[in-house]
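Notes follow the structure.
The values are calculated or read from the model by the stated rules, or taken from the named source; none is laboratory data. The structure displayed is predicted, hence computed values, not measured ones. Positions of Cβ are backbone-derived with ideal geometry, glycine not excepted, and every protein chain shown enters the neighbour counts. Note: accessible area is taken over every heavy atom of the protein model, side chains too, but ligands, DNA and RNA are not part of it. Shrake-Rupley method; radii C 1.70, N 1.55, O 1.52, S 1.80 Å.
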Amino acid sequence: MSEDRYALADQLRLPPGPVRLADLPTDAHPGLDGGKQEGVAALAALGAELAELQERMYADAYTGGSHRVLVVLQGMDTSGKGGVVEKAIGLLSPNGLRITSFKKPTDEELAHDFLWRIDRALPDPGVVGVFDRSHYEDVLVHRVHGLVDEAELERRYEAVNAWEKGLVDAGTVVVKCFLHISAETQKERLLARLDDPEKQWKFKPGDVDERQHWTDYQRAYEVALERCHTDAAPWYVVPADRKWYRNWAVARLLLDALRGMELGWPAPDYDVAEQRARLEAEGQE
């Protein structure tokens, strides 16, 4: 593996030790020079290789392999989870994608452990799965609003780590991206929704209510990032104030994950020359 292949992952990987989000930039663009025009072009340039490596993984699974990728997108409201799905994940073939956006749990889901509905949404081998919000909601929202006690939160952190390690041990590459925006950027994006009749449907009055808990959510994220940053499934902190950088960075992290599998095209389990001869002999009798 070349040193530059994982240079971006090294730069965005959450540093070890206590997490202070205030110390991590929201508007940086490591690994990418220039501005928006260069960023959009760099994203488009990843498309062909992403599509080929996705197809190789799909072919590997078709012939019995167990490789798959799970991209976890977490972040404050307006951090751009939907934008990443559209612009970055959109470079992939929809035939090999499974995208899940987790909403408020249903009564059926609440009757099970919090990871039950997450398990049911996992991608099959050969497929790239994307969680737009994820199992981390159950240690974020629940901590901020006091929906469970501290002992249950501790159990959930441990359960998440064990669950993610099990996925990785079974052949899944987990790419966890925290889309890191500033409070000022969130305010600008919420105001932009209100100012645009075509985007007002995205705005909910509850967004302003949740914004009042900004500090609490930042602390909840710090705890979750710190407790669930493991060798098996590390966290990547993606500066998300610049949409064009955010999209490129997540696409590049996904590309690195697919490259890291080092998959070739599966060798056939039949004699190619024999099958060619059979086809060419059709109609010659």
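With the condition kept exactly as written, say whether any residue in region 233-245 is open to solvent by 20 Å² or more (accessible area, probe 1.4 Å), under 17 Å from the mean Cα position of the chain (by Cα) and among the aromatic types (Phe, Trp, Tyr). Checked against the condition, which is being open to solvent by 20 Å² or more (accessible area, probe 1.4 Å), under 17 Å from the mean Cα position of the chain (by Cα) and among the aromatic types (Phe, Trp, Tyr), region 233-245 yields at least one hit. So, in region 7-28, of the ones that are assigned to a helix (DSSP H, G or I) and of a type in the set (A, V, I, L, M), which residue ends up surrounded by the fewest Cβ atoms within 10 Å (Cβ to Cβ)? So the residue we want is Ala22. Note on region 228-285: residues that are of a type in the set (Asp, Glu), over 30 Å from Glu154 (Cβ atoms) and not in a helix (DSSP H, G or I) total 6.
Exactly one residue among Ala251, Ala232 is touching a residue at least 40 places away in the same chain (Cβ under 8 Å) and in contact with a strand residue (DSSP E or B) (Cβ under 8 Å, 6 or more places away or on another chain), and that residue is Ala232. Candidates are the residues of region 29-50 that are of a type in the set (A, V, I, L, M) and surrounded by 15 or more Cβ atoms within 10 Å (Cβ to Cβ); the one that is farthest from Leu92 (Cα to Cα) is Leu32. Of all residues in region 58-115, exactly one satisfies the criterion of being buried (at least 21 other Cβ atoms within 10 Å of the Cβ), more than 14 Å from the chain's Cα centre (by Cα) and either on the phi > 0 side of the Ramachandran plot or at pLDDT below 95 (or both), namely Thr78.
Return yes when Val173 is open to solvent by 10 Å² or more (accessible area, probe 1.4 Å), in contact with a strand residue (DSSP E or B) (Cβ under 6 Å, 6 or more places away or on another chain) and in contact (Cβ under 8 Å) with a residue 60 or more places away in the chain and no when it is not. In short, yes. With respect to Glu184, is the statement that it is modelled with pLDDT of 95 or more, open to solvent by 90 Å² or more (accessible area, probe 1.4 Å), in a helix (DSSP H, G or I) and not aliphatic (A, V, I, L, M) true? The answer is yes for Glu184.
Any residue at all in region 13-31 that is farther than 23 Å from Val127 by Cα, under 17 Å from the mean Cα position of the chain (by Cα) and touching a residue at least 24 places away in the same chain (Cβ under 8 Å)? Yes, some residue in region 13-31 is farther than 23 Å from Val127 by Cα, under 17 Å from the mean Cα position of the chain (by Cα) and touching a residue at least 24 places away in the same chain (Cβ under 8 Å). Among residues of region 265-279 being farther than 24 Å from Gln54 by Cβ and hydrophobic (A, V, I, L, M, F, W, C), the one that is least open to solvent (accessible area, probe 1.4 Å) is Ala277.
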